[in-house]
Amino acid sequence: MAEPSKLPTMEATVARTSAPHAEANPAWLRLDGVTLAYGSKVVVAGLDLTLARGQIGCLLGPSGCGKTTVLRAIAGFEPVVAGSVQLDGHVLSSREAHLPPEQRRVGMMFQDQALFPHLTVADNVAFGLRGAAHARERVAQMLDTVGLGHAARRFPHELSGGQQQRVALARALAPAPRLLLLDEPFSSLDVELREHLGAEVRALLARSGITALLVTHDQHEAFAIADEIGVMRDGRIEQWDSAYRLYHQPANRFVADFVGHGVFLPGTVIDGSRVQMELGVLESAQPVRCTEHGDVCPSGCQVDVLLRPDDVVHDDASRVTAQVLAKAFRGAEFLYTLRLPSGAKVLSLVPSHHDHAIGERIGIRLEIDHVVAYKRDGGPDLACNT
Ligand code: ADP
Ligand code: MG
């Protein structure tokens, strides 16, 4: 077995699993126990979520988990079966009450919601203002905000995809909605443009002080735009947290798999805070917890430890070596797929001036801030609560 690797201390914290009901910062948007169904098929079950005024939240999850249905319920297009939707302290939807969509002052921007092709950019933006007295002024202001003041007289087909999405955003923001809902707004654009536009949109939403809820299946879009993100599965929020904590302290395997790359490697808890692994002994300042339950793992507990590509560091001085199986050039870094002596695979993100050939053995060590361990399925039945 390899030498124990020296690891920095780490904090094993249990992740939050639902949006906090922040009392100090009262909720602007609040969903309490929202259940939604199509006929007898329940697709969202008892969903809680709060957003403070000016906050940008995101629901991130695979296709079919209920994201669009939640947005449609907030916008007033789907009735709630149970629970309530409140905005600024007023009930929009409950079993007893249902405010029609046009009275909610909720703006929407959907991926497939095309601009009107026969209207100019300015007329597209003016559309939601319905001839309001200040419409021209507002349109000019909105187009300036999204950096398209010069394109007011153009038609949608004369703009790039990214520019069209910015016009759609200006159109959604023009009537000054109390809440903006964005459904996979940039998924039709290519990846680079999506990330670039994501950062731009984030700055723009922050400048306008609007409260927004984005839904997407794309973690890059979520990370680029949102302050806090709820990872959804089958109509439930598995974890509501910052992007950093979703990545480094996922509450369960589903979140760990869905957010970011990574592998699970087996380990055995030696005592509360040390885990014996093929790569050495992981030493934790805090007791290791089987994160799915939040309970401290007893000695002998067999666990799977999450290793992200940035937890596995290339180090020529390390006595632990692994063989390069595959490599992907990412510009500043290579993402190496490495095989350990046991045959297990790990991923490692390495600065790209370390250009190693397939088949070569390279030194590696672990550098982990937070140990994320889950009790291994089929392991001995030790209660994880001692
Ligand atoms: P997402 O936006 O996360 O992809 P949706 O909210 O669109 O998910 O859908 C959630 C579930 O509800 C899926 O199983 C989908 O098939 C189902 N669904 C969506 N719209 C309808 C509808 N109009 N009638 C019946 N089932 C629907
Ligand atoms: Mg959808």
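The values are calculated or read from the model by the stated rules, or taken from the named source; none is laboratory data. Computed from a predicted structure; not experimentally measured. Reconstructed Cβ throughout: ideal geometry from the backbone, glycine too, with neighbour counts over all protein chains shown. Surface accessibility is based on the protein's heavy atoms, side chains included, excluding ligands, DNA and RNA. Shrake-Rupley method; radii C 1.70, N 1.55, O 1.52, S 1.80 Å.
Residue-level analysis places HIS220 among those that are away from ligand 1 (no atom under 16 Å from the Cβ), within 24 Å of the chain's Cα centre (by Cα) and at pLDDT 85 or above. Mind checking whether some residue in region 176-197 is in contact (Cβ under 8 Å) with a residue 60 or more places away in the chain, at negative phi, β-branched (Val, Ile, Thr) and assigned by TED's automatic domain parsing to the domain that holds ALA37? No, region 176-197 contains no residue that is in contact (Cβ under 8 Å) with a residue 60 or more places away in the chain, at negative phi, β-branched (Val, Ile, Thr) and assigned by TED's automatic domain parsing to the domain that holds ALA37. I'd like to check something: does region 324-345 contain any residue that is of a type in the set (Asp, Glu) and touching a helix residue (DSSP H, G or I) at 6+ places or on another chain (Cβ under 7 Å)? For region 324-345, residues of a type in the set (Asp, Glu) and touching a helix residue (DSSP H, G or I) at 6+ places or on another chain (Cβ under 7 Å): absent.
Collect the residues in region 71-88 that are over 14 Å from ALA212 (Cβ atoms) and either part of a strand (DSSP E or B) or within 9 Å of ligand 1 (Cβ to nearest atom) (or both), keeping them in residue-number order. Hits for region 71-88 are ARG72, GLU78, ALA82, GLY83, SER84, VAL85, GLN86. When ALA24 is tested against (1) within 16 Å of ligand 1 (Cβ to nearest atom); (2) at pLDDT below 95; (3) open to solvent by 60 Å² or more (accessible area, probe 1.4 Å), only condition (1) is not met. Only one of the numbered conditions (1) part of a strand (DSSP E or B); (2) touching an Asp or Glu at 6+ places or on another chain (Cβ under 6 Å) is not met by LEU214, and that is (2). Quick one: would you say PHE127 is assigned to a helix (DSSP H, G or I) and either touching a residue at least 12 places away in the same chain (Cβ under 8 Å) or farther than 30 Å from ALA27 by Cβ (or both)? Against the criterion (assigned to a helix (DSSP H, G or I) and either touching a residue at least 12 places away in the same chain (Cβ under 8 Å) or farther than 30 Å from ALA27 by Cβ (or both)), PHE127 qualifies. Evaluation of ALA243 against the conditions (1) surrounded by 19 or more Cβ atoms within 10 Å (Cβ to Cβ); (2) in contact (Cβ under 8 Å) with a residue 60 or more places away in the chain shows that the sole unmet condition is (2).
Counting the residues of region 70-129 that are acidic (Asp, Glu) and open to solvent by less than 40 Å² (accessible area, probe 1.4 Å) gives 1.
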